[in-house]
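The values are calculated or read from the model by the stated rules, or taken from the named source; none is laboratory data. Computed from a predicted structure; not experimentally measured. For neighbour counting, all protein chains shown are included, and Cβ atoms are generated from backbone atoms with ideal geometry for every residue, glycine included. Ligands, DNA and RNA are stripped out before the accessible areas are found, and what is left, the full protein with its side chains, is counted by its heavy atoms. Shrake-Rupley method; radii C 1.70, N 1.55, O 1.52, S 1.80 Å.
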Amino acid sequence: MNTAIEVQHADPQAPVVVTESAVQHFRQQILVARAAGLRLSIKESGCTGYMYVMDLVDAPPPDDLLMQLADDVRLWIDRASLPVLRGTTVDFVREGLNSLLRFGNPNAKDYCGCGESFSIDGEARA
C-alpha cells in the first residue's frame, strides 16, 4: 500500500481529496474520451452495500458539486452521495502490472472480500 500520498487538492472544506497521481490519470481519461470531466457517485451494489462509480461525462446533472482539480481536470460529485463520500481520498496506484483507483473512505465500515463494495456507518447514509 502506498503510504506517501501526494495530495493535489487538499482544501479542508472540500468533500474529497484527490492525489496528484489520480489527477494525472483523470487527465488522460478525459483527453482520450474527449469528455468534459469525470463524475463520482456511489450506488447500492455488491455483497456489502455500496460501490464507487466513476463516469466520464459531457454534461453532468446540474445539482452536482464541481471540483476543479486542474485547469483541464474537472470532477463532479453527486450531491446525493456526499454524506457517504465526504472525507474520501481518491488515489491512483500501480501495483506490479496492475493499476487501480483506490478510495480511502473514513465512512466505510466494512469491505467485501473482493474489494468491490463496502458498507457504511449508519450516520453517513446517502
(request) State all residues of the range 70-93 that are in a helix (DSSP H, G or I) and either open to solvent by less than 40 Å² (accessible area, probe 1.4 Å) or touching a Gly at 6+ places or on another chain (Cβ under 7 Å) (or both); if no residue qualifies, say none. (result) Ser81, Leu82, Val84, Leu85
(request) Taking Gln28 as the residue in question, decide whether it is open to solvent by 40 Å² or more (accessible area, probe 1.4 Å), more than 14 Å from Thr88 (Cβ to Cβ) and at pLDDT 95 or above. (result) yes
(message) Based on this model, can you work out whether Met1 counts as in a strand (DSSP E or B), at pLDDT below 95 and not hydroxyl-bearing (Ser, Thr, Tyr)?
(response) no
(message) Checking the structure you have, find out if any residue of the range 44-52 is touching a Lys or Arg at 6+ places or on another chain (Cβ under 7 Å) and over 15 Å from Ala108 (Cα atoms).
(response) no
(message) Looking at the structure I just gave you, is Ile42 under 14 Å from the mean Cα position of the chain (by Cα), open to solvent by less than 50 Å² (accessible area, probe 1.4 Å) and β-branched (Val, Ile, Thr)?
(response) yes
(request) Look through Ala33, Ala22 and report the one residue that is farther than 18 Å from Asp91 by Cα, of a type outside the set (D, E, K, R) and at pLDDT 95 or above. (result) Ala33
(request) May I ask you to verify whether Ile120 is surrounded by 17 or more Cβ atoms within 10 Å (Cβ to Cβ) and modelled with pLDDT under 90? (result) yes
(request) Hey, can you tell me all the residues within the range 49-65 that are in contact with a helix residue (DSSP H, G or I) (Cβ under 7 Å, 6 or more places away or on another chain), open to solvent by 70 Å² or more (accessible area, probe 1.4 Å) and not in a strand (DSSP E or B)? (result) Asp63
